[in-house]
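> Before I ask anything, here is the structure I am working with.
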Amino acid sequence: MQERIARLIPALRASRSFGLLDRLRARVEELSPGDAAILGALGVLLAVTSLIGVYALVRSVQISIPADGGILVEGELGSPRFVNPLLAVSDADRDLASLTYAGLMGLGAEGNLIPVLAESYSVSEDGKEYTFVLRNDLVWSDGAPITADDVAFTVGKAQDAALKSPELANWSGVKTEALDARTVRFTLGKPYAPFLANATLGILPAHLWRGISTEDFPFSTLATEPVGAGPFIFSKIVRGDNGIIREYDLSANPAYALGRPHLDGIRFVFYSQADDLKSAVRGGAVESAYGVPAQGALMAPYASVFGVFFNPNQNAALARLEVRKALSLAIDREYLTKQVLGGYAAPIMGPVPPGSGINGTTVPALADRISTAAGTLTAAGWAYDPEARLWTQASAKLTLTMTLKTSNVPELKAVAAAVKADWEKLGVPTDIELYEPGDLSQNVIRPRKYDALLFGMVVGRERDLFAFWDSSQRNDPGLNIALYANKTADQLLESSRQESDPAKRLAALQKIDSAIAADYPAAFTHAPDFLYVVPQKLQGVSLPQISTPADRFAGVAGWYVESQYVWPFLVRQ
């Protein structure tokens, strides 16, 4: 009996289910077409809502991470000629060289130096020997292995005076030894604390460049179609009818020492006119560009200072402290930075740019700059003749007039006009002479033919001011364009270069800034901001302090436009 009941139960259950389905189907069939449509819509809504809820629940526990894919279209002023770290002279050259080549060290996204081709490095106790060990399995973009011999070859070429490399000064007097396939040692004549920054020099593949003579280096196809070890690989060039490069395509390097970049590539589009570049950014022809003022542009401090540098050898009045001081105090830096430069600069009074870790010389808040400057001259025995509109110093038989020389570029022309206006309010007749950049360098700066020179100094992240202010650098090719000489400053400049303790170097920098600012060898005006327009889709961009525009690519391997959601336990720590 029990067995019969057990056999009947499944049948009864099936019968009840069948009956229930029949009743539901019958009820639905009794509905009007409108009610049936509403019921169907409610069913769909319930299903969609359930799916959305499940999706949201999954997303709430998953995390978003960068994914590979996408390209960035970058606009730039100028055009590259030498995509080679030993020959790069323009910003376009340096940009492409920084992306296609890698050094033993590199600039991290936060502006710190990090090992790239090097796995590790060590410094001897006396600070004269730097030993680097290369990572395992490094390869060039053509697949050949990277060895210490490549490093030794590159430095040797940098030291070749016939090549006239901009890197010559950084490597002069440095002995290089490839100890084995992965180890290279540099020996310096004396300690130089900022040397590690020199190791960011992009390394060349010796197996390709060794057979090219120094004379042919600039003309090799490798100068524009590089084989390197940077985060990106040369892909394609588009030239205009005149042979000038108009577009340059890079693709991600899967063998990059720090890992494949997330971006699949970067396309550079070059423009000859600043207005054309601005129009391309605003019209969407390019997605990113530096130096273009735009709402939402990223900003970073430049490691550089601008000012009017005085030459007492050319104008005897400038040998007098009160004259240099009066000319400096007369300049309205607040107006200059906010109105002339659009707020994209900081006013300064000393040789060290803001963001360097010291308390820079304070810009005085003067109720009346002109009367204060005039009082400085009067107190030192100068007299102003309102009819002749001239300041004279009778005992020294001096008359104060100025000729201000600078580059024929919009920004510096505007700054020069503002300085001229301020000096003429003080009663100092001022003429402005404009030069093309190459002409200014060759025929004005090198022979030191100027009363006053409006110019910029790229101080750099290491803030080594020796080349700009040590008295030994007053003549070409030195960069001491103010012809400045101060024994105390010389001692500080020399000792700080050999000091390995960062805190002590910073303390020395503070003293250097104060000493130079007190002598007024220049009327420092401003430290510019670096502007970089990027599209909203581009993530992971973090700008360090900028020495050259190529520094914006410091963390380029981490930039991304694509992302994906993954479970947290799948992300490697």
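The values are calculated or read from the model by the stated rules, or taken from the named source; none is laboratory data. Predicted, not measured: the structure shown is a model, and the values here were computed from it. In this analysis, Cβ positions are derived from the backbone assuming ideal geometry, glycine residues included, and neighbour counts consider all displayed protein chains. Side chains are part of the model used for accessible areas, which takes the heavy atoms of the whole protein and leaves out ligands, DNA and RNA. Shrake-Rupley method; radii C 1.70, N 1.55, O 1.52, S 1.80 Å.
Matching residues to (1) modelled with pLDDT under 95; (2) out of contact with any Phe, Trp or Tyr (no Cβ under 6 Å at 6 or more places or on another chain):
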{"position": "VAL73", "(1), (2)": "no, yes"}
{"position": "SER98", "(1), (2)": "no, no"}
{"position": "ALA109", "(1), (2)": "yes, yes"}
{"position": "GLU125", "(1), (2)": "yes, yes"}
{"position": "TYR130", "(1), (2)": "no, no"}
{"position": "ASP150", "(1), (2)": "no, yes"}
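> A further question on this structure: Just give me the residues in the stretch 226-246 being closer than 19 Å to LEU138 by Cβ and part of a loop (DSSP other than H, G, I, E, B), in sequence order.
Passing the criteria: PRO226, VAL227, GLY228, ALA229, GLY230, PRO231.
> Is there a residue being at pLDDT 95 or above, of a type outside the set (S, T, N, Q), on the phi < 0 side of the Ramachandran plot and open to solvent by 60 Å² or more (accessible area, probe 1.4 Å) anywhere in the stretch 54-63?
Scanning the stretch 54-63 turns up no residue that is at pLDDT 95 or above, of a type outside the set (S, T, N, Q), on the phi < 0 side of the Ramachandran plot and open to solvent by 60 Å² or more (accessible area, probe 1.4 Å).
> Just to be sure, is ALA169 closer than 30 Å to GLY558 by Cα and either among the aliphatic types (A, V, I, L, M) or touching a Ser or Thr at 6+ places or on another chain (Cβ under 8 Å) (or both)?
No; evaluated as a whole, the condition is false for this residue.
> For the stretch 472-507, which positions are buried (at least 22 other Cβ atoms within 10 Å of the Cβ), of a type in the set (Val, Ile, Thr) and outside any loop (DSSP other than H, G, I, E, B)?
Of everything in the stretch 472-507, nothing turns out to be buried (at least 22 other Cβ atoms within 10 Å of the Cβ), of a type in the set (Val, Ile, Thr) and outside any loop (DSSP other than H, G, I, E, B).
> Also, quick follow-up: Given (1) in a helix (DSSP H, G or I); (2) at pLDDT 95 or above, identify the lone condition not met by HIS526.
(1)
> If you don't mind, another one. With respect to ALA518, is the statement that it is of a type in the set (A, V, I, L, M, F, W, C), open to solvent by less than 30 Å² (accessible area, probe 1.4 Å) and either assigned to a helix (DSSP H, G or I) or under 23 Å from THR100 (Cα atoms) (or both) true?
No.
> Being among the small types (Gly, Ala, Ser) and under 38 Å from the mean Cα position of the chain (by Cα) narrows it down to one residue among ALA383, ALA367; which is it?
ALA367
> Something else now. Could you tell me whether any residue of the stretch 134-146 is more than 29 Å from SER251 (Cβ to Cβ) and in contact with a helix residue (DSSP H, G or I) (Cβ under 7 Å, 6 or more places away or on another chain)?
no
> Name the single residue, out of those in the stretch 277-311 being open to solvent by less than 10 Å² (accessible area, probe 1.4 Å), among the β-branched types (Val, Ile, Thr) and at pLDDT 95 or above, that is farthest from VAL533 (Cα to Cα).
Checked the stretch 277-311; the qualifying residue farthest from VAL533 (Cα to Cα) is VAL308.
> Can you tell me how many residues within the stretch 272-304 are over 30 Å from PRO353 (Cα atoms) and not in a loop (DSSP other than H, G, I, E, B)?
5
> Select from the stretch 106-142 the residues that are small (Gly, Ala, Ser), in contact (Cβ under 8 Å) with a residue 40 or more places away in the chain and assigned to a loop (DSSP other than H, G, I, E, B) and list them in ascending order.
GLY108, ALA109, GLY111, GLY127, SER141
> Answer yes or no: is there a residue in the stretch 43-53 that is out of contact with any strand residue (DSSP E or B) (no Cβ under 7 Å at 6 or more places or on another chain) and either among the hydroxyl-bearing types (Ser, Thr, Tyr) or at pLDDT 90 or above (or both).
Taking every residue of the stretch 43-53 in turn, at least one turns out to be out of contact with any strand residue (DSSP E or B) (no Cβ under 7 Å at 6 or more places or on another chain) and either among the hydroxyl-bearing types (Ser, Thr, Tyr) or at pLDDT 90 or above (or both).
> For GLY307, indicate whether it is in a loop (DSSP other than H, G, I, E, B) and either under 32 Å from the mean Cα position of the chain (by Cα) or among the small types (Gly, Ala, Ser) (or both).
no
> For the stretch 247-271: of the residues being of a type in the set (Gly, Ala, Ser) and in a loop (DSSP other than H, G, I, E, B), which is surrounded by the fewest Cβ atoms within 10 Å (Cβ to Cβ)?
GLY259
> Where in the stretch 352-471 are there helices (runs of 4 or more DSSP H), lying wholly inside it, with at least 2 residues that are out of contact with any helix residue (DSSP H, G or I) (no Cβ under 7 Å at 6 or more places or on another chain) and open to solvent by less than 50 Å² (accessible area, probe 1.4 Å)?
So the answer is 410-426.
> List every residue pair whose Cβ atoms sit under 6 Å apart, with the two residues 6 or more apart in sequence or on different chains, where the first one lies in the stretch 225-238 and is surrounded by fewer than 15 Cβ atoms within 10 Å (Cβ to Cβ) and the second, anywhere, is basic (Lys, Arg) and assigned to a strand (DSSP E or B).
Listed by first residue and then by second, the contacts come to VAL238/ARG246.
> Only one of (1) under 20 Å from the mean Cα position of the chain (by Cα); (2) open to solvent by 30 Å² or more (accessible area, probe 1.4 Å); (3) modelled with pLDDT under 95 is not met by ASP241, so which one is it?
Here ASP241 meets the rest and fails (1).
> Give me the residue from the stretch 208-224 that is open to solvent by 50 Å² or more (accessible area, probe 1.4 Å) and either touching a Lys or Arg at 6+ places or on another chain (Cβ under 6 Å) or not in a helix (DSSP H, G or I) (or both) and, out of that set, farthest from ILE146 (Cα to Cα).
GLU215
> Can I ask one more? Which condition number in (1) closer than 30 Å to LEU483 by Cα; (2) open to solvent by 50 Å² or more (accessible area, probe 1.4 Å); (3) in contact with a Gly (Cβ under 8 Å, 6 or more places away or on another chain) is the one that LEU321 fails?
Here LEU321 clears every test but (3).
> Got a number for residues in the stretch 541-566 being in a strand (DSSP E or B) and out of contact with any Pro (no Cβ under 9 Å at 6 or more places or on another chain)?
Looking only at that region, the number is 2.
> Within the stretch 192-223, restricting attention to residues that are under 24 Å from the mean Cα position of the chain (by Cα) and hydroxyl-bearing (Ser, Thr, Tyr), which residue is nearest to LEU104 (Cα to Cα)?
Out of the qualifying residues, it is THR200.
> As an exercise: evaluate LYS164 against (1) at positive phi; (2) among the basic types (Lys, Arg); (3) in contact with a Leu (Cβ under 7 Å, 6 or more places away or on another chain) and give the number of the one condition it does not meet.
Condition (3) is where LYS164 drops out.
> If you don't mind, another one. Counting only residues that are of a type outside the set (Ser, Thr, Tyr) and part of a strand (DSSP E or B), which one in the stretch 176-193 is surrounded by the fewest Cβ atoms within 10 Å (Cβ to Cβ)?
Ranking the qualifying residues of the stretch 176-193, first place goes to ASP180.
> On the given criteria, is GLY143 at positive phi and open to solvent by 40 Å² or more (accessible area, probe 1.4 Å)?
yes
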